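Participant: Before I ask anything, let me first share the structure, which is written out below as structure tokens.
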Amino acid sequence: MMEENIFNYQKEEEPVELESFQGEKRKLIQPTSLKDPKLEKLKEALVDWINKTLKPEHIVVQSLEEDVYDGLVLHHLLSRLADVHLNVEEIALTSTAQIRKLEIIMEELGKRLGTQDSSQIKWNVKLIHNKDLLATLHLLVAMVRCFQPELDLPSDVKIEVVVIEVSKSGIKSDVQVEILTEGSSDTDSLSNTEREDPIEQLLKLEAHKVNTVKKALVHFVNQHISSLGLQVIDMDKQFADGVILLLLIGQLEGFFIPLFDFNLTPVSDSEMLHNVTLALDLLKDTGFQLSNVDPQDIVSLDTTATLKVLYALFNKHKGK
């Protein structure tokens, strides 16, 4: 447990570090709280969210403390979630370069997260770079709430922290409760159920009901692409390369996608991924809200992702 080691180390070495931390308040997670199952579940949920978001980048996170501090993960998250491409080096090897990179990323995140009031911010460049677990958790939770509010993080996660304040008059310490995620009331739980993605609800039903909906969607698709001499027979496979999906979007939304913008006969995964990414970007640009749909999932024949996209198109254009 890294935080527990830090806590013990600081208790032993505090006289040496006092001067450098004068006027600061430092928060350290209580060792007992580090073993809280709710905290463990939150950490697991955030790691899973990062890995799913950055799957196309082939970035895998195992430890929030060890894998977030240098700015690489935050840089790619900002790019994927907010389509923000910063002019920073891809891999910062030195501490100075990492801090410089984090400063640029944090400035941009501050604009996106609406955290201009510095008194309300529970993280900063120094804390993140020092692998402070508490600050890293607060930052990642804030990013989830901003960029993917539909993501279901564990609720009511609270931990005990020791607040240490160093001043010329000495050291003051206090134990406080830090809230990482808010609790959910019964009303909130109900509204979350009601807001659950209809495809997620569908997939909980019996297989024959799922197949009935899939047939209806295939019929809808074929109605609109038959004029192009195309037909879908296997919904699970024929959308993986993005070609039919792009042509369908063009038919339904009433615009022509230049053939040089995509691969009409893709042969590699990268070409398929390019097509599907373009299709999802077009849908996003035209106002579609697609929850938890990753281009790579469609290329990988993920039925749930494909169903979500087709249902969104059907829901908007079913009257045509």
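Participant: Within the stretch 75-95, restricting attention to residues that are touching a residue at least 60 places away in the same chain (Cβ under 8 Å) and open to solvent by less than 30 Å² (accessible area, probe 1.4 Å), which residue is farthest from Gly114 (Cα to Cα)?
Facilitator: Among residues in the stretch 75-95 that are touching a residue at least 60 places away in the same chain (Cβ under 8 Å) and open to solvent by less than 30 Å² (accessible area, probe 1.4 Å), the one farthest from Gly114 (Cα to Cα) is Leu77.
Participant: Does Leu42 satisfy the condition of being in contact with a Pro (Cβ under 6 Å, 6 or more places away or on another chain), buried (at least 16 other Cβ atoms within 10 Å of the Cβ) and at pLDDT 50 or above?
Facilitator: Yes; evaluated as a whole, the condition is true for this residue.
Participant: If we scan the stretch 277-297, do we find a residue that is farther than 22 Å from Leu77 by Cα, of a type in the set (Gly, Ala, Ser) and without any contact (Cβ under 8 Å) to a residue 40 or more places away in the chain?
Facilitator: Within the stretch 277-297, none of the residues are farther than 22 Å from Leu77 by Cα, of a type in the set (Gly, Ala, Ser) and without any contact (Cβ under 8 Å) to a residue 40 or more places away in the chain.
Participant: Related question: Which one is most open to solvent (accessible area, probe 1.4 Å) among residues in the stretch 205-230 that are under 22 Å from Gly250 (Cβ atoms) and among the polar types (S, T, N, Q)?
Facilitator: Gln223
Participant: I've got another one for you. Return the total of residues in the stretch 239-298 being open to solvent by 40 Å² or more (accessible area, probe 1.4 Å) and at positive phi.
Facilitator: 3
The values are calculated or read from the model by the stated rules, or taken from the named source; none is laboratory data. What you see is a predicted model, and the numbers here were worked out from it, not measured in a lab. Virtual Cβ from ideal backbone geometry, glycine too; neighbours counted across all protein chains shown. All accessible areas refer to the heavy atoms of the entire protein, side chains included, with ligands and DNA or RNA removed. Shrake-Rupley method; radii C 1.70, N 1.55, O 1.52, S 1.80 Å.
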